Amino acid sequence: MRQPFSRALHFFAIAGCALLFPACAPKAPAHTEIVLGTVCTVNAFSDGTRALYAELFSRLHDIDKSVNPYCADSDISAVNAQAGRAPVPVGKDTFFIAQQALSFAERTDGAFNPALGAIISLWGINTDHARVPSDAEIAAALSHCSWRDITLNEADCSIFLPTKGMELDFGGIAKGFAADELVKILRAHSVKRAIINLGGNVYLYGKKSTKSAWQVGIKDPLQPEGENALVLLLPETSVVTSGTYERFFEENGRRYHHLFNPETGRPAGSGVLSVSVVCTSSLYADALSTALFVMGKEKGTAFLHTIPQAHAVFITEDKTVTVSPELPYYMISSEYTAAF
Ligand code: AMP
Ligand code: MG
């Protein structure tokens, strides 16, 4: 079965970012639940109350019910089931995510493709039936992945997939949307500071009590035990990582990961091991991390210049760490060479 979100129970340290707390132990317990197919934790420190966590996680469950294709009565399941038949009215969250996903598809020239469901199902990465499909199977699935054919109708808030076999997949953007929604709730309650971690999709909200920068470790993609390659020093912002180590299977000594090149229908072989995007919009960071991974470092860096509010860290197969000049950081691993 396809995994739209990280169903494997990734804790943040293995999902791309590790938060370092040198002298700042939480004063109130954090709250953790499995939602969006992953482990979601919010720590609102001294402002954390049961009521606050209940509201935050209720919002997460709402979003999950809208866009989780494993939930039979979700919007996404209904839209996919009606592919080639009829438009389906959906909730505001689903419609908004679809609009944003299509906007990213347009801007990235399809590197971010929310209509990749047929390919994602075919490979079954992170399921018990993951396998390398034949060329013919890939070609057949690719014929159902045309994001330009998706019709959004604002008048009745409906989505139509015109061909049977088309499938939406918001796995590369939904956690970012969800993190932004949680931030709205934190602001409404005047929470001073918090850390949101939705399976590695991190939002650093407010200021650390010491008023110093948040410290976020970027995982070394070649170290399965979760060591960091470098540490970023950040103000309030989101950090989202897409990496080859997150979800994959191995066959005949080759690794097949979950980030697909929509042109080939195969795991993207862009020379990138991981890309972390820093942006105050977590939705942007999420969609961009997936898109930049597919584009590779050179094309991705050029594209990033068109989005001035987003910055990135590329870790590439040649053991180079390339950090946007706006991001202060220090290296942890001596295995990598820093580049600009
Ligand atoms: P992320 O870890 O945020 O990069 O998201 C990866 C997930 O996004 C995958 O598990 C798929 O559900 C989906 N996905 C994979 N490749 C693409 C792509 N090229 N465009 C959009 N979504 C993708
Ligand atoms: Mg993403």
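Every read-out reported here was derived from the displayed coordinates using simple, explicitly stated rules and does not represent laboratory data. Predicted model, so just to flag it, every value in this text is computed and none were measured. FYI the Cβ positions are ideal-geometry reconstructions off the backbone, even for glycines, and counts take in every protein chain you see.
Key figures for this structure:
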| item | result |
| --- | --- |
| Listed residue (GLY37, GLN309, PRO69) projecting farthest to the positive dipole end of the chain, Cβ model | GLN309 |
| For region 109-261, with +1 on Lys and Arg beta carbons and -1 on Asp and Glu, the positive-most of LEU230, ASN252, SER212 along the dipole | SER212 |
| Full-extension gain in nm, LYS164 to ALA30, via 0.36 nm per residue minus C-alpha separation | 43.9 nm |
| Size of charge dipole - region 76-167 - debye, nearest 20, with Cβ of Lys, Arg +1 and Asp, Glu -1, no other charges | 100 |
| Förster-model FRET efficiency, 25 Å R0, THR127 and ARG85, C-beta, rounded to 0.05 | 0.40 |
| Distance between modelled label sites at LYS192 and ILE307, nm, 7 Å Cα→Cβ extension | 3.3 |
| Simple Cβ-charge dipole of region 150-291, Lys/Arg +1 and Asp/Glu -1, about Cα centre, in debye nearest 20 | 620 |
| Among ARG107, ARG254, ARG59: highest mean-square fluctuation, GNM of the chain, C-alpha pairs under 10 Å | ARG254 |
| Prolate/oblate/rounded call for region 140-293, Cα gyration tensor, a/c under 1.5 rounded | oblate |
| Dipole of the chain [Lys/Arg +1, Asp/Glu -1 at C-beta], most positive-end residue of ASN261, ALA83, GLY300 | GLY300 |
| Length added when fully stretched, SER146-ALA338, from 0.36 nm per residue minus Cα-Cα | 65.3 nm |
| Loop-located GluC sites (Glu not before Pro) in region 279-340, at most 12 other Cβ atoms within 10 Å (DSSP) | GLU326 |
| Estimated inter-spin distance, ALA155 and GLU317, nm [label 7 Å along Cα→Cβ] | 5.0 |
| Dipole magnitude (debye, nearest 20) for the chain, charges at Cβ of Lys, Arg, Asp, Glu | 760 |
| In region 98-191, the GluC sites (Glu not before Pro) that fall in loop regions by DSSP, at most 15 other Cβ within 10 Å | GLU154 |
| Sorted by Cβ neighbour density within 10 Å, fewest at the top, the residues ILE315, ILE150 | ILE150, ILE315 |
| Ranked CYS279, CYS71, criterion: other C-beta atoms within 10 Å, fewest first | CYS71, CYS279 |
